[in-house]
Amino acid sequence: MCFYSLTCAQNKLANIPVLTLDGPSGVGKGSVARIVAGKMGWHLLDSGAIYRGFALAAHSRGIVFDDEQGLVALAKKLDLKFESVEGQELLNVYVDGVEASKELRTEQTAELASQLAVIASLREALLKKQQQFEQAPGLVADGRDMGTVVFPDAPYKVYLTASAEERAQRRLKQLQNSANAGNISQILAEVKKRDERDSNRKHSPLTPAKDALIIDTTCLTINEVVARVMALVEV
């Protein structure tokens, strides 16, 4: 069992290899990142969990999303902790000391996080926290702007994509496996809306880094995607 807290992150060191995995929701970034990090023995940054955890923290405090000053103040003192448990696929996430992994993975929380992600000053505040994950022996960073903004000098960059329909089906299955209800038509509409918002936001839009390896995961298994990513890192 391993804990990582954003409130006590160490200063990053020089010359630490970083692999960035960017792409929209439902392309398999999280699963691929966890497997590759495990194989490499590297640290893992799930930036989506940071934004979702922050959304829960803001919501629980009653901070409205147009209160930019209040949101930034919260980001600077965010109490968010990740717990990696051996044999468990997903990270446990603690927000304000309370285990909130199940709530973190609902469509409602994902939508709140997507709305917050367009706020430039908030992204800047959370940027520094994300960069603190860069520690020896290496880092696998999963998100939407890891290779373009957070770690632009990373030596290994991958952008995963897949059709909206396939991603909606994967999300429905994920919700069903975690005992959450889901409607495929509603999920598909939310996927497309989130894509539109993420791709067209003014600050840090969702787009492949110019030097990223682009992999379409629509017809690939997780293991096939992992193999392609590992081939890049092990060159």
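The values are calculated or read from the model by the stated rules, or taken from the named source; none is laboratory data. What you are looking at is a predicted structure, and each value in this text was computed from that prediction instead of being measured. Note: ideal-geometry Cβ built from the backbone for every residue, glycine included; neighbour counts use all protein chains shown.
Do we find that residue 84 is surrounded by 15 or more Cβ atoms within 10 Å (Cβ to Cβ) and hydroxyl-bearing (Ser, Thr, Tyr) in this structure?
yes
Filtering region 72-108 down to residues that are part of a helix (DSSP H, G or I) and within 27 Å of residue 187 (Cβ to Cβ), which residue is nearest to the chain's Cα centre (by Cα)?
By that ranking, first place goes to 104.
Which of the residues spanning region 166-191 are more than 16 Å from residue 109 (Cβ to Cβ) and surrounded by 14 or more Cβ atoms within 10 Å (Cβ to Cβ)?
166, 167, 168, 169, 170, 172, 188
For every residue, the table says whether it meets (1) farther than 26 Å from residue 37 by Cβ; (2) of a type in the set (A, V, I, L, M, F, W, C); (3) in contact (Cβ under 8 Å) with a residue 40 or more places away in the chain.
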site: 160; (1), (2), (3): no, yes, yes
site: 177; (1), (2), (3): no, no, no
site: 182; (1), (2), (3): yes, no, yes
site: 196; (1), (2), (3): yes, no, no
site: 229; (1), (2), (3): no, yes, yes
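Given the residues 111, 134, which is the only one that is part of a helix (DSSP H, G or I) and surrounded by 14 or more Cβ atoms within 10 Å (Cβ to Cβ)?
111
Could you grab me the full set of residues in region 26-37 that are buried (at least 24 other Cβ atoms within 10 Å of the Cβ) and in contact with a Gly (Cβ under 8 Å, 6 or more places away or on another chain)?
29
Using the structure shown, decide if residue 179 is modelled with pLDDT under 90 and over 30 Å from residue 120 (Cβ atoms). Quick ask: steps written out before the conclusion?
On the way: modelled with pLDDT under 90: yes; over 30 Å from residue 120 (Cβ atoms): yes.
Considered against the rule, which asks whether it is modelled with pLDDT under 90 and over 30 Å from residue 120 (Cβ atoms), residue 179 comes out as yes.
When the residues of region 137-159 are narrowed to those that are buried (at least 18 other Cβ atoms within 10 Å of the Cβ) and among the charged types (D, E, K, R), which ends up farthest from residue 80 (Cα to Cα)?
157
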